[in-house]
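Everything on this sheet refers to the single structure shown next.
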Amino acid sequence: MKVVRLASKWSVHAVVIAGAIAAACARGSASAGASAYYDQSYLSASHNWAFRNAFPRVDALFNGFDYGHAKLYETLWDDPRANSAVLDEHEFGFITRKLLRQPPKVALDEGAIAPEWEKLAPEVAAMFDWAHMLHRQIYDVWTDDRIAPAAKDAHVAALLSYYKSRRNLAFSSQPKHMNLMEGQSYSLAFRRRYPKYNGLIWSYHWLQMAVYEALLAPGGTQQRKENIDAVVAKFWTMLDSAPGKLPTVMPQSPEVAPVFSARYPEAAIIFDNLHSLHDVVSDILADSSVARSQKRRTLLEAAARYRDDSSSIISVEDWKAMAGAMGLANMGGPALRLPSRLDGADDRQHQP
């Protein structure tokens, strides 16, 4: 993830205005072609880097996650028939026993880790980077105690507007049917051959969503720290007992992060679509029946379906029901053993 630090003390109103301007500019340049895939940094705001400053070890874990995704794609593009031990033993062992134990403190240049993957589908890599940036900025809003609780929603709305301004990169905020991930000719190719590494990727996605529940749960600064410690400890339990406690289905936001999903359904849907496309990319690269000459076309077609608001759309209620049917226990379990209740949010209680 390539970012440049921008300092600002904008008010909520200024941030919202900035998001609106960005959206207007994007509408005028939506057909700019390849030139639309430029690097863009965080929306300038006073809350930037609050999460990194408060939870540097967790922030560093996310840098390690970027390595895990990039290494996976580079390995599969280099050899879609790679022996299962390459990922499930060698890379899994390195990542869980070394890399994540001492994770990088700065964001990684994924082009250096996976140069051939980035050449193959830079547009898809840019989509991932842009969504990961949204993840981190929402963490910042909910970590920054200088922002009054009543003002946090306006900041998140501004971030979503800023995110959506990149129409060539932004995932749809409409929920997608699971058949986009599991009903294609290439579907399941990756997880069938590399079940352990697949579980590792899903554990990443579980933690990314569980952090939201930790940040949004009632309580002050100390309680938030304890919540973060709890979800990170559970993440390590998953890895230390692998493969026994790794997720066996893709973690879904309405189940893992019900408070966050009820308060910010558009963001939760974007992140479920992001995580789903991660799986789709793995499947396309791992499926030897997709000719090498057709990999890029297939990747771009899949990515386009996750950006548009028309392909395989389901209702929000069906999205929640689909997640519930998959089973929270199969996704890694609840983030916290706390009532899932916050002002204006879902009051369901998930039990382990």
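Under a Gaussian network description of the chain, with springs only between Cα atoms under 10 Å, the residue in A70, A36, A217 that fluctuates furthest is A36.
Could you please put D308, D144 in sequence from largest to smallest accessible area, using a 1.4 Å probe?
Values: D308 45, D144 10 Å².
The most accessible residue leads, giving D308, D144.
In plain terms, the chain from A112 to Y38 could stretch by 24.9 nm, reckoned as 0.36 nm per residue minus the Cα-Cα distance. Counting only whole DSSP H helices of the chain, the ones at least 20 Å long by C-alpha along their axis and with mean Kyte-Doolittle hydropathy no lower than 0.5 are 12-28, 265-286. Taking label points 7 Å from Cα along the Cα-to-Cβ direction, A151 and A82 give a separation of 4.6 nm.
So how strong a dipole does the chain carry about its Cα centre when Lys and Arg Cβ are +1 and Asp and Glu Cβ are -1, to the nearest 20 debye?
Working: 39 positive and 38 negative charges, 81 e Å.
Computed charge dipole of the chain: roughly 400 debye.
Put a plus charge on the Cβ of each Lys and Arg, a minus charge on the Cβ of each Asp and Glu, and nothing anywhere else: the dipole of segment 156-282 about its Cα centre is then about 300 debye. Rounded to the nearest 20, the Cβ-based charge dipole of segment 180-250 about its Cα centre (Lys and Arg +1, Asp and Glu -1) stands at 260 debye.
Whenever you get a sec, compute what percent of the accessible area on the chain sits on carbon and sulfur atoms (1.4 Å probe). Don't jump to the answer; show the numbers that get you there.
Details: 7680 of 14470 Å².
C and S atoms contribute 53 percent here.
Candidates H69, P104, A85 compared by Cα position along the dipole of segment 55-109: farthest toward the positive end lies P104, with charges placed on Cβ.
In segment 207-280, if the dipole is taken from +1 on Lys/Arg beta carbons and -1 on Asp/Glu beta carbons about the Cα centre, which of A262, Q252, A217 is farthest to the positive end? Highest projection toward the positive end goes to A217. Sorted on the mean count of surrounding Cβ atoms within 10 Å across their residues, most packed first, peptides 166-175, 256-265 read 256-265, 166-175. Calculated accessible area for the chain comes out at 41 Å² per residue, all protein chains present (probe 1.4 Å; ligands, DNA, RNA ignored).
For a quick check, take a GNM of the chain with Cα springs below 10 Å and name the residue from D229, D287, D39 with the largest mean-square fluctuation. In this elastic network of the chain, the residue with the biggest mean-square fluctuation among D229, D287, D39 is D39.
Let me make sure I get this right: for segment 38-145, a, b and c are the square roots of the gyration tensor eigenvalues over alpha carbons, sorted descending. Under 1.5 in a/c it's rounded, otherwise prolate if a/b > b/c, else oblate. Which is it? Verdict is oblate for segment 38-145. Our helix-only sum for the chain, with -39,500 (n - 2.57) per DSSP H run of n ≥ 4 divided by its residues, gives a mean residue ellipticity at 222 nm of -18000 deg cm²/dmol.
Report the FRET efficiency, 1/(1 + (r/R0)^6), for A304 and E226, where r is their Cβ-Cβ distance and R0 is 51 Å, rounded to 0.05.
Details: r = 42 Å, r/R0 = 0.83.
Result of the calculation: an efficiency of 0.75.
The calculated FRET efficiency for the pair S289 and I314, based on their C-beta separation and a Förster distance of 35 Å, comes to about 0.80. For the set K98/K225; K152/K176; K176/K234; K98/K196; K105/K234; K71/K119, the pairs lying more than 20 angstrom apart at their alpha carbons are K98/K225; K152/K176; K176/K234; K105/K234.
Could you work out the relative contact order of the chain? I mean the mean sequence separation of Cα pairs under 8 Å and 6+ apart, divided by the number of residues, in percent.
Here the relative contact order equals 22 percent.
Rolling a 1.4 Å probe across all protein chains gives F55 an accessible area of roughly 20 Å².
Solvent-accessible surface of protein heavy atoms, probed at 1.4 angstrom with all chains present, puts K320, K98 in the order K98, K320, largest first. If you model the chain as an ellipsoid using its alpha carbon gyration tensor, with each semi-axis the square root of five times an eigenvalue, the axes come out at 29, 25, 20 Å, biggest first. For segment 120-230, the gyration tensor built on C-alpha atoms gives an oblate shape. Its axis ratio a/c (a ≥ b ≥ c) is at least 1.5, and a/b is not larger than b/c.
The values are calculated or read from the model by the stated rules, or taken from the named source; none is laboratory data. Computed from a prediction, not measured in an experiment: that's the story for all the values here. Glycine gets a Cβ as well: all are built from the backbone with ideal geometry, and neighbour counts include every protein chain shown. In case anyone asks, the SASA skips ligands and DNA or RNA and just uses the protein heavy atoms, side chains included. Shrake-Rupley method; radii C 1.70, N 1.55, O 1.52, S 1.80 Å.
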